[in-house]
Amino acid sequence: MNPALATPFKSLDEVAALTPQQTAELIGALRRQENTEALLRQEITALKQQLDWFKRQLFGQKSERRIETGPNGQMSFGECLPPPTLPAPPGQQVAAHTRKPATRRQDDEAVPFFDESRVPVEVIELAAPETDGLTAEEYEVISHKESYRLAQRPGSYVVIKYRRPVVKIKASEALVCAAAPAGVIDGSRADVSFVAGLLLDKFAYHLPLYRQHQRLTDAGITVSRPWLTQIAQQGIALLEPIYEAQFASIRESRVKAMDETPIKAGQAGPGKLKKAFFWPVYGELDEICFPFFPSREIKHVEAALGLTPAERAVLLSDGYHAYAHYATRTGITHAQCWTHTRRNFFEAQTVEPEAAGQALELIGALYQVEESIREEKLSGAGKRDYRLAHAKPIVERFFAWIGERFAAQGLLPSNPLTKALAYARDRRYGLEVFLTDPDVPIDTNHLERALRVIPMGRRNWLFCWTELGARQVGIIHSLIATCRLHQIDPYDYLVDVLQRVGQHPAERVRELTPRLWKQLFAADPLRTPLYRLGT
């Protein structure tokens, strides 16, 4: 374009003096400028959305719960109504008086708030001051009143001292002595109770080993931090056969859910760590395993699940293409998660609140159907029929609405609502699987809840120095998380299986997985020496 045309015109005469070629150049320049401005506005909108997302992650509420009331006070589908406002009771005239301040009942302190079979109780006797100076014959104890206080001992570590007398047999002049008790880790000073406690403190309660080392030092116990690391590694190595048996049980499940979550593991250079991934897999018997792989490549799904799935197998996941590739290769059914579909519309509310709100209402109606199924405790054919009668019309209405939105689409491809619509439309088949298969959940929320221990741990122990260490993290988390799913005390479980795994037949190691252990051994588990001492 002629540079002279880039200067503003001072009068209409200057505009009228333009030649046709100059006018065409000017129109072209204006159109290019409009296109550039449209692209810049689009980029600014996208950057604002990213900034809002990061602000919400750092400072805002991360919950995706939606509570919105319409102009007539009616709430959206799937939301609970507030309790009705009851009329105030009629007043009653009373004589004027001075009201005493309300006092708390003394017997409130006598209500136990703990499991007396599991929590040690120390009893402190308090004598009535009026009995001071009186002999036992001068008063009579009629009963006792009890109050409870929750207390804590700093550093509840105990050293067990085994005294083994050396005995001389007079008849033979031989010296004999009892052998030292064998530990779960050969040659180690760590009792099984310490090994189990160490693993639970780090992986269930997210207390890094260096903090545990500080607590030991404060309690007067001198050990090295590398020794704690060795104890954790050797203890987890004993549990690895149980983990493998549980993973084999999950692979046999017909319906499985799978996801991936990042972890820093292994050195990538001076001062750098590799970005690796856990690929948690949830089986239909409420078991979960966290296999570790160094990347997010498609081949790891095949390595984790194998290429010989169960008959009529279903894999439930999010929209990551690796799962669709695996389903295509093995011929299994690929079910999609409605929560991930909903999340895209939830994030589009900032740009298109009205349209995104319509999608959220329809998806909320689906979850209301699932809530009704849980309340009525439906399963099998009854659950399938209920979904077909109540959820299928909502799903059809949802995808018909998506088609209407695309037919009248005036949004840019990068618009969050357009992305949400395309995400749902492209995964329609997978999103409809739950309608005809009662064993398939509507989403992967059960898996998301179980894998939460990994991001919680990342905030405390931050990373794994080696890839082998990351694999061991996955092993212990698999067993602890499965214990939680089956309402098993992980301490009792670990204390038992750490002692039992060395003497249990290898071909029956599956019996030591938390699910089967609860059926076979939980009623009479192996205990620690401290339990026998009553401390």
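Values quoted throughout were computed directly from the atomic coordinates according to the rules given, and no laboratory measurement underlies them. If you're wondering where the values come from, they're calculated on a predicted model, not measured in any experiment. Don't worry about glycine lacking a Cβ; one is built from the backbone with ideal geometry, like all the others, and counts go over all protein chains shown.
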field: Dimensionless Rg over Rh [region 372-461; C-alpha; Kirkwood]
entry: 1.11
- prompt: If the viscosity is 0.692 mPa s and the temperature 37 °C, what translational diffusion coefficient in µm²/s does Stokes-Einstein give for region 104-245 when Rh comes from Kirkwood over Cα pairs?
  reply: 158
query: Once fully extended, how much extra length lies between D218 and R149, figured as 0.36 nm per residue of separation less the alpha-carbon to alpha-carbon distance?
result: 22.4 nm
task: Can you tell me what the convex hull of the Cα atoms of region 275-331 projects to on average, as an area in nm²?
output: 4.1
query: Rounded to the nearest 0.05, what FRET efficiency do R163 and K272 have when you use their Cβ-Cβ distance and R0 = 45 Å?
result: 0.30
statement: Label model pair D426, Q42: point-to-point distance (7 angstrom along the Cα→beta-carbon line) in nm is 1.7
query: Direction-averaged shadow area of the convex hull around the Cα atoms of region 253-374, nm²?
result: 10.4
field: Estimated inter-spin distance, V176 and A128, nm [label 7 Å along Cα→Cβ]
entry: 5.9
task: Could you tell me the convex hull volume per residue, in Å³, taken over the Cα atoms of region 446-535?
output: 146
query: What full-extension length gain, to one decimal in nm, is calculated for L530 and I27 as 0.36 nm per residue of separation minus the Cα-Cα distance?
result: 172.2 nm
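From the cross-link list K55/K264; K48/K419; K202/K377; K55/K392, which pairs have alpha carbons spaced over 26 Å apart? Numbers along the way, then the final one.
Numbers: K55/K264 24 Å; K48/K419 16 Å; K202/K377 37 Å; K55/K392 37 Å.
From the list (K55/K264; K48/K419; K202/K377; K55/K392), the Cα-Cα distance tops 26 Å for K202/K377; K55/K392.
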task: Let me have the 222 nm mean residue ellipticity of the chain computed from DSSP H runs of 4+ only, each contributing -39500 (n - 2.57), with the sum over all residues rounded to the nearest 500.
output: -14000 deg cm²/dmol
field: FRET efficiency, R211 to E137 (Cβ-Cβ, R0 56 Å, nearest 0.05)
entry: 0.50
- request: Please turn the phi angles of region 273-282 into ³J(HN,Hα) values with the Karplus equation 6.51 cos²θ - 1.76 cosθ + 1.60 (θ = phi - 60°), one per residue in order, whole Hz, x for glycine and proline.
  value: 10, 6, 9, 10, 9, 8, 10, x, 10, 10
task: Sequence neighbours fewer than 8 away in the same chain don't count; with that in mind, list the aspartates and glutamates whose C-alpha is under 15 Å from K299.
output: D259, E260
- request: Calculate I(q)/I(0) for the chain by the Debye formula, one identical point scatterer on each C-alpha and no solvent, and give its log10 at q = 0.05, 0.06, 0.07 Å⁻¹ to two decimals.
  value: -0.37, -0.51, -0.66
- prompt: How much length, in nm to one decimal, is gained on full extension between Q230 and R508, taken as 0.36 nm per residue of separation minus their Cα-Cα distance?
  reply: 97.3 nm
